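S.K.: I have a structure I would like to understand better, so I am pasting it below and will then ask my questions one at a time.
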Amino acid sequence: MKDVLYADLVNELRSATRPAIVVLDSLYFDMQEIAERLKQDAGITPLFPKLSFSPSEGARQRQLNTLAKMYGKPVIFVDQYPLACHWESGLVGFQLLNEEKKAIIDRIQVENEWIRSAPTKEERTCRQEESMNRAMSGMGNAMSNILEESRAISAELDEKAANIIETENEAAFEVLKEEYSPENIFKRLQHRIWGKK
């Protein structure tokens with residue numbers, strides 16, 4: 001499974017000679033929107049089949065044969081990394097990343113290489129413990145940030161809702177519903193986790 005940013009994925013799919021499978025995280029991307037963009041930018045045929053983790057070898061081979069016979073460049077889209085890995089054999093596999101997620105993965109890889117490069121087993125154990133302590137500290141900070149942001153969101157929402165109720169402004173209520181939709185609240189919390197105000 002190759003980790004790629006959008007521009008690299010376009011180039012990879014343009015030059016692909018086999019059907020592909022693309023996994024993307026629904027927290028970062030809208031699957032239908034990305035598939036439509038890739039259809040325009042890379043000339044693919046997006047597919048959204050219902051894949052399972054334990055198909056028979058015959059069913060799996062039939063799916064691959066169907067893809068191979070399709071006109072254009074068939075690309076399967078999924079939002080579960082383990083499922084994409086399970087089906088990757090016989091296909092070209094990609095994980096779509098954005099800059100934020102790529103930075104996280106790069107940071108983890110650097111940390112893992114630092115641990116593996118320890119000259120002795122004892123040093124490796126020390127590095128693993130140090131890495132775990134940093135991760136736990138970061139998790140504590142993230143939880144504090146989420147709690148603080150949740151309180152701020154709740155206070156804002158209460159204040160704005162009170163003003164709307166007082167003025168009986170229906171249009172403002174619709175705007176408020178959009179501004180504080182679950183998706184927008186999640187984005188705010190996500191930004192706060194990573195320390196962005």
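S.K.: Using the eigenvalues of the Cα gyration tensor, what equivalent ellipsoid semi-axes result for the chain when each is taken as the square root of five times the eigenvalue, whole Å, largest first? It would help to have the intermediate numbers written out before the result.
M.R.: Details: eigenvalues 278, 185, 40 Å².
So the equivalent ellipsoid measures 37, 30, 14 Å along its semi-axes.
S.K.: Something else: For the range 2-97, what percent of Cα pairs sit more than 24 Å apart?
M.R.: Details: 617 of 4560 pairs.
In whole percent, the long-distance tail amounts to 14.
S.K.: With label points built 7 Å along Cα→Cβ from the Cα atoms of Leu64 and Gln128, find their separation and express it in nm.
M.R.: Distance between the two pseudo-spin positions: 3.6 nm.
S.K.: Return the long-range amide H neighbours of Lys73 (sequence gap of 5 or more, or a different chain), with a cut-off of under 5 Å between placed amide H atoms.
M.R.: Thr45
S.K.: Which residues' amide hydrogens lie under 5 Å from the amide hydrogen of Val92, considering only partners 5 or more residues apart or on another chain, with H built in the peptide plane?
M.R.: Result for Val92 returns Ala20, Ile21.
S.K.: A further question follows. Would you check the chain for Lys pairs whose C-alpha atoms are within less than 22 Å, ignoring same-chain pairs closer than 8 in sequence, and give me the count?
M.R.: Summing the qualifying lysine pairs gives 22.
S.K.: If I take R0 = 30 Å and measure r between the Cβ atoms of Asn169 and Leu27 in this structure, what FRET efficiency does the formula 1/(1 + (r/R0)^6) give, to the nearest 0.05? Don't jump to the answer; show the numbers that get you there.
M.R.: Values: r = 33 Å, r/R0 = 1.10.
For Asn169 and Leu27, the calculated efficiency is 0.35.
S.K.: A follow-up question, please. Using θ = phi - 60° and the Karplus relation 6.51 cos²θ - 1.76 cosθ + 1.60, list the HN-Hα couplings for the range 114-128 in order, rounded to whole Hz, with x at every Gly or Pro.
M.R.: Listing the rounded values in order: 4, 5, 5, 7, 4, x, 10, 5, 5, 5, 4, 4, 4, 5, 4 Hz.
S.K.: Kindly provide the pair-distance distribution of the range 90-141 built from C-alpha pairs, with 10 Å bins from 0 and whole-percent values in order of increasing distance.
M.R.: Answer for the range 90-141: a P(r) of 22, 37, 27, 13, 1 percent.
S.K.: Still on this structure: Using the Kirkwood formula on the Cα atoms of the range 102-193, what hydrodynamic radius do you get, in angstrom to one decimal?
M.R.: Working: mean 1/r = 0.0604 Å⁻¹.
Taking the inverse mean of 1/r over all distinct Cα pairs, the range 102-193 comes out at 16.6 Å.
S.K.: P(r) of the range 1-52 in 10 Å steps, Cα pairs, percent per bin?
M.R.: With a bin width of 10 Å, the distribution comes to 22, 62, 16.
S.K.: Give me a comma-separated list of calculated 3J(HN,Hα) values for the range 52-60, in order, Karplus coefficients 6.51, -1.76, 1.60 applied at θ = phi - 60°, integers in Hz, x for any Gly or Pro.
M.R.: Rounded to whole hertz, the list is 10, 7, 10, x, 5, 4, x, 5, 4.
No lab work stands behind these numbers, since they all come straight from the coordinates. Owing to the predicted nature of the structure, the values given are computational and were not obtained by experimental measurement. Because the Cβ atoms are built from the backbone with ideal geometry, glycine has one as well, and the counts that use them run over all protein chains shown.
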